[in-house]
Amino acid sequence: MIILASGSPRRQELLKKLCNEFLVEPCNAAEIEISDNPAELAIKNAALKAETVARDFPDDTVIGADTIVVLNGEIFGKPHGETGAFEMLKKLSGRRHEVITGLAIVSGGETFTAAETTEVYFGEMTDAEILAYVATGEPLDKSGSYALQGGAAKFIEKIHGDWSNVVGLPLFRLRTLAKSAGINF
């Protein structure tokens, strides 16, 4: 059985594009928050989630993912309240940043990892536009304080790379990682 170590509805919807049957087991392990290498950080957190859940399901295949936003080396996770969301979005306004998702698959006692990076270009946003978006509540549980598939779409000028990565689960990279683990979706 495939198990997704995430309660994210976005990840669940994306995983359905690869496989119809899977269980959801959210992992509440404390994530690592500081690193000099953002891709390595995302991979470590994805592996932490997958390996934690795999302890309870040793005969199954567990998928973990962790998405972060990076602007000039600064790592943005989920915001701390509305003020944190406003501050993140203000920094992202009119700038290019990277979205990095670390992936981990635990299968047969082995952990397989990878990361995907996508460039996202935000247009300029006024303080009023940012405050209105934050007031919707959507940014409060998202890395970087925005959802590509939601209300932030109007602020995104362009992306270079995998759009599903920005949503939280890079499907092509996950599929190729699964193949390297001997799993076919």
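The values are calculated or read from the model by the stated rules, or taken from the named source; none is laboratory data. Values in this document were obtained by computation on a predicted structure and should not be read as measured data. Cβ sites come from the backbone with ideal geometry, for glycine too, and all protein chains shown count toward neighbours. Surface accessibility is based on the protein's heavy atoms, side chains included, excluding ligands, DNA and RNA. Shrake-Rupley method; radii C 1.70, N 1.55, O 1.52, S 1.80 Å.
Assorted remarks:
- Relative pair counts by distance (%), Cα atoms of the range 1-93, 10 Å bins: 15, 39, 32, 12, 1
- Cut-off 10 Å between beta-carbons: net charge of the residues surrounding ALA152, Lys and Arg +1, Asp and Glu -1: +1
- In a reduced charge model with +1 at each Lys and Arg Cβ and -1 at each Asp and Glu Cβ, the chain shows a dipole moment near 440 debye about its Cα centre.
- Cα-only Debye scattering, the chain: base-10 log of I(q)/I(0) at q = 0.08, 0.15, 0.17 Å⁻¹: -0.24, -0.82, -1.03
- The Cα-based radius of gyration and maximum Cα-Cα distance (Dmax) for the range 122-185 are 15.4, 50 Å.
- Relative to the longest principal axis of the Cα atoms of the chain, the long axis of helix 171-180 lies at roughly 20 degrees.
- Those lysines that a straight Cα-Cα span of less than 19 Å connects to LYS17, excepting residues fewer than 8 apart in one chain: LYS179
- The range 50-142 - convex hull of alpha carbons, volume per residue in Å³: 107
- Calculated diffusion of the range 60-114, Stokes-Einstein form, Kirkwood radius summed over Cα pairs, 37 °C and 0.692 mPa s, µm²/s: 250
- Given +1 at the Cβ of Lys and Arg, -1 at the Cβ of Asp and Glu and no other charges, the dipole of the range 79-185 around its Cα centre is 320 debye to the nearest 20.
- Cβ crowding within 10 Å averaged over residues, with 123-134, 169-180 ranked highest first: 169-180, 123-134
- Rolling a 1.4 Å probe over the protein heavy atoms of the chain, with every protein chain left in place, gives an accessible area that is 48 percent carbon and sulfur.
- Charge context of GLU25, other residues only, Cβ under 13 angstrom, K/R +1, D/E -1: 0
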